[in-house]
Structure formats: C-alpha cells, structure tokens
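One structure is given here, and the rest of the page talks about it.
Quick note: the coordinates plus some simple rules give every number you see, no bench work behind them. Since the structure is predicted, the reported quantities are computational estimates derived from the model, not experimental observations. All Cβ positions, glycine included, derive from the backbone under ideal geometry; neighbour counts span all protein chains shown.
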Amino acid sequence: MEQSPLQKARYAYQPKLPGILREKITSLEIVKGEKTASATDQQDIKSLFPHTYGLPRVSFAKGDSNATTKKINVGVVLSGGQAPGGHNVISGLYDAIKGANKDSKLIGFLGGPSGILNDETLEFTDEFIDGYRNTGGFDIIGSGRTKLESKEQFAICAKVCHKHDISALVIIGGDDSNTNAAVLAEYFLQTDAGISVVGCPKTIDGDLKNEFIEISFGFDTATKTYSELIGNLMRDANSSKKYWHFIKLMGRSASHIALECALRTQPNACLISEEIEANASSLEEVVDYLVNIIAKRADNGLDYGIILIPEGVVEFIPEVKALIAELNTLLAKETSAYGDLKTWNEQYAFVADRLGDATKAAFSSLPVDIQKQLLMDRDPHGNVQVSRIETEKMLIQMVDAKLAKLKKEGTYKGKFTGLNHFFGYEGRCAFPSNFDADYCYSLGYNAYLLLANDCSGYISSVTNLTAPANEWKAGGFPITMMMNMEKRHGEMKPVIKKALVELDGAPFRYFASHRDTWAEETSFLFPGAIQYFGPSEVCDLTTKTLVLEQE
Ligand code: FBP
C-alpha cells in the first residue's frame, strides 16, 4: 500500500523511554513501596476487592531478578474512543515482551472488548507492528464500546484466554474500562484463573488523571490538533474581520480540552462547564455572557471573534441537565410508544405532555433542531449522545436573537455573523505528537514489566512528564486506589473518580485571570501544526495544563 512521506518517517522514529526503562529489560527488578488505600469509601472498596485492595505502589530499579524472562502469552485490547498513541502502547508492549523472551507472544483482541467475548484475535509479528509504529488511530486491532462488567462475561474472558494460553491481559481504556479492568483482575484472582490484568490510561478527554496518572494519553495530540485549527480560524477572523466562530470541542463530561485549547490560543471566550455548574448559570445567563462580549467588541469596531464551547456544556446548565435526565427516563420507559410516532408534531406533543412544568418550559424554549437532537438515539447506557447535539448552532441562534433585540433597543450597533464548527473526530486519530509517541510507548513497555511481576489490578503509570523523558518515572499502582463509590443506574458502584476541571486549580485560575483581556482585545496565539522534527522546545513539550499543574 502507498504511504505518505511522514508515515514512512514516523515508522522510523524511536520513542524515548524513561531513564530506568533504558536499562536491559532482563535486568529490571520490581521495588515495592508503601501500601495504598482508596481516597474515600475505604471499607466498601476493600470488601469488594479483597485481593487487589491495599497493594503497594511499585517502581522498577536495576537488579538481577529474572521474573521478566519467563515465556508468556499476553492479550491486549483497545477500549472506547480513539486516542492518538494507542499504536505505540501496543508497540512498547510488544518490544518489551520480545525483549524479555523472543518466544513470548502478544495477541490482540479485535474490535474492542467484544473481541475477547467473540474470540476474535490476531498474533502480532515484527512486520505487522512495524507498519503501525508512531501512527494515529486504533486500526491496528480496532476498538469498541462493549463493557466487560458481568460475571458471565468474565467467565467467557477466562475461557478464551485459557484457549490461547494467555496469562496476562492489558486493557487500554478510559475511566470505565480501567474500573472494569480492576473488577476483572479481582475476579481472576478470586477464581484462580491465573490471568493478570493491567490497565493503561487512555482518553483524549483528559478526565482520567490524578497524582499518579498525570495525563491520559491522546489529550496532548488532540488538543494540539484542535489548537492548530483554532489558530487558523483566528488568522482567518483577523483577516476578514467579519465572522464570529463558535467552536465546539470534544470532551463529553469534563472541559479539559476546551480549557487547554483556550490556554494555547487565547480566544475571546471559552465556556467551562464545571464553572457553569458551580454558578448554576441558566442558559439565558450563558447567552448573555457571550452577547456582552460580542457587543463590547462591536463598540470597539471589532465584529469578529472566537468562542470555544465544551461538548458536554448542555449537561451542566441546570435546567437543561434536569430536562435531559427527565428525557432519558421518559424515552427508556416509553421506547416503543415513542418509536411508533411518525411526525415531529406527534413526537413533540408526546414528550411535552409528559414533562414537568419546569422541564417543559426549558424544552419549549430551545430551537427545534436542538429539541430533535435531544430526542435522538441514546447510547448503550440510555444517555444522550452529547457529541451529536449541535450546541454551537444553538448558541449562535440564541445570541443572534438577543443581539437583534438589543439592536432594536438601540444598545447594539454591530453586525453579527456566526459560523459554527465542531472539532472532535479530527483530533482523535492524528499522528501522535512526540510527547504522546514517547509517553504511550513507555506506558506499554512499563505495562509488560507490571505483568511480568504479577501486578494484577494495577494501572501503568509514567510520571514527572514535564521533565525530559529520561527523567520520567515508571511504575504502577493498584486501580482500587483511584476508586470511590458512586450511584450508577440507581446502584452504588465502585468506580474511578472522573477528574473534572478544578476551579481552584492552576490552569483554570490562569485562564480566569486573563479571560477578560482576551475577551475585549484580540490576543490570539497561533500554535501552528504539531512538529515532529526539530528543536525539543518546539517538538517535545506537553500541555499547558500539565505545565501549570506542576509549576
Ligand atoms: P473515550 O471516553 O472513550 O476516550 O471517548 C471520548 C470521546 O472522544 C468523547 O470526547 C466523545 O464524546 C465520544 O468519545 C464520542 O464517541 P463516539 O466515538 O462513540 O462517537
């Protein structure tokens, strides 16, 4: 198959490992640290995870143990949305496995977790893996959103792994997939299945992070990709001076992506869902906030600008959040009756009749397109799919209507033309930045060391990431350490706590202290395309969010 020049050049890139992992793999020994505990709900989590709770943190040092040289078969699965660097987690894992014992095998499960249940596999070879090194995407084995959470599924997993003589499994996924990895690890230990499970932290959304997971992989590349596009729109706005660009950015629950892009590009406004929720701001207040900025710039003769909108914002606006919750329950209960309705008028009446007064008022205040999108297919968990709600269009319509009113009253004299954009899928499969290429390769390589040392129920952890790669620290810690109890579908469940934007954290504080200047003046930054070759300060630096967090 024909390949682009960059593709060929990236195959040859040798990712940088943390200093300690540059030692011969067969000379690395595990070092056990202090015992761990979950941040909250210790008793509940301890009783649910008797084998994997409280295990020590681990790291690696030069020694003479030979735990790593045993011949083993390792299975690997990609779970959830694509994130740049997934191929490198697999190539790091492969190189570590083969470096320890050339007869060991890496077996990929196809199409995500369902590949385990359906026993769909492929065995990695040098030639096959070399065609994916340092490239974006998850197409090496595919991904999927099937959740492994029931005992019946776990029993099938054990059977399939035994069939392939797999004694270790690496699950590459976000908070839910790593939660399920911990439950699976516990099940395998309880049932003496002889299979270890290790997780790797993936998601462009950046909401799987804590003291030991400084960043989930893919966040760096995705935000750099979106920031390049935003910077290009800024140049265009600066040149034509006639458009307001409303840009929605992926990030289902948290606003880390929008915040990072704002820090990199300095737009006129960036909504932060977590702040909107904390202030219980209504939709009208959000619209007024944007209208004020647009009107003020118009007073200075600037009828153009850039507004960033996090994908999940509608779910954080109290009245829309309540509406979505009621719609989720209503549509789950009335699936077939609603499904039989043929026209929009029938559908609208059916829903409006069954909503409470406040939610009905919120529903009817929305533009028709958004009403329709709120009633679209739910995800497998019965939730609305926020990436399909055109919040950016809704805000343009509402801002436009408000500005028209102000114009009539004589308090707005500008000219508003809003253009909508959604940057999401554009960034999920980009060639990984050098940072993600190095970080992911290290996570995969490190995951093998955890497996080889029987660290089941651990997550691969590489830290100190704002330093040069040779100073990065490698190790692991039990997933139970990141867990708390939360209500899910009416039941209390142990889950990894999602990391939302902290309003007292350094990245948000930096943004909040600059946003008024960025709103009125034109302070745009143009980050340009990701660079793979050149000076380290251009090519290797990670996100502003992480730099501010670690300052
Ligand atoms: P993960 O949480 O699985 O990493 O996926 C995140 C994400 O990219 C969100 O930003 C987005 O809302 C969602 O996936 C889109 O999902 P899909 O690929 O199913 O359309």
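Shown for the chain are the DSSP H helices of 15 Å or more along their axis, judged by Cα atoms, with a mean Kyte-Doolittle hydropathy of at least 0.5: 318-333. Once C-alpha pairs closer than 8 Å and six or more residues apart are averaged by separation and normalised to the residue number of segment 184-309, the relative contact order reads 27 percent. Normalised by 2.2 N^0.38 Å, where N counts its residues, the alpha-carbon radius of gyration of segment 1-154 equals 1.23.
Derived value for segment 479-551: Kirkwood hydrodynamic radius 16.2 Å. Basis is the mean of 1/r over every pair of different alpha-carbon atoms.
Run through the DSSP bridge list for the chain and note the antiparallel percent, rounded to the nearest 5.
40 percent
Glu486 sits among other residues whose Cβ lies under 15 Å from its own Cβ, and their net charge, with Lys and Arg +1 and Asp and Glu -1, is -2.
What is the distance in Å between the Cα centres of segment 491-551 and segment 273-310? Answer, in whole Å: 20. When peptides 40-48, 78-86 are sorted by average Cβ neighbour count within 10 Å, with the highest value leading, the order is 78-86, 40-48. The calculated P(r) of the chain, using every Cα pair and 20 Å bins from 0, goes 21, 51, 26, 3, 0 in percent.
Counting other Cβ atoms within 10 Å as a rough exposure proxy, the listed residues Asp165, Asp377 run Asp377, Asp165 from fewest neighbours to most. Plainly put, segment 135-193 has a radius of gyration that is 0.98 times its Kirkwood radius, both from alpha-carbon atoms, as the Rg/Rh ratio.
Averaging the sequence gap over all C-alpha pairs within less than 8 Å and six or more residues apart, then dividing by the number of residues, gives segment 376-518 a relative contact order of 10 percent. For the set Lys224/Lys498; Lys360/Lys498; Lys296/Lys408; Lys46/Lys159, the pairs lying more than 20 angstrom apart at their alpha carbons are Lys224/Lys498; Lys360/Lys498; Lys46/Lys159. As a size descriptor, the averaged projected area of the C-alpha convex hull of segment 174-235 was calculated at 5.1 nm². By the helix-only formula, in which each DSSP H run with n ≥ 4 contributes -39500 (n - 2.57) and the sum is divided by residues, the chain has a 222 nm mean residue ellipticity of -13000 deg cm²/dmol. Here Tyr304, Tyr187 are placed in order of increasing Cβ neighbour count within 10 Å, fewest first, which gives Tyr187, Tyr304. As an equivalent ellipsoid, segment 287-411 spans semi-axes of 33, 16, 12 angstrom, where each value is the square root of five times an eigenvalue of the C-alpha gyration tensor, largest first.
Within the straight-line cut-off of under 12 Å between alpha carbons, the aspartates and glutamates reachable from Lys105 are Asp95, Glu123, Asp126, Asp165, sequence neighbours fewer than 8 places apart in one chain being disregarded.
Please go through the residue pairs Lys24/Lys98; Lys71/Lys473; Lys209/Lys497; Lys32/Lys62 and name each one whose alpha carbons sit more than 18 Å apart in this structure. List each step's numbers first, then the result.
Details: Lys24/Lys98 12 Å; Lys71/Lys473 26 Å; Lys209/Lys497 9 Å; Lys32/Lys62 13 Å.
As for pairs spanning more than 18 Å Cα to Cα, those are Lys71/Lys473.
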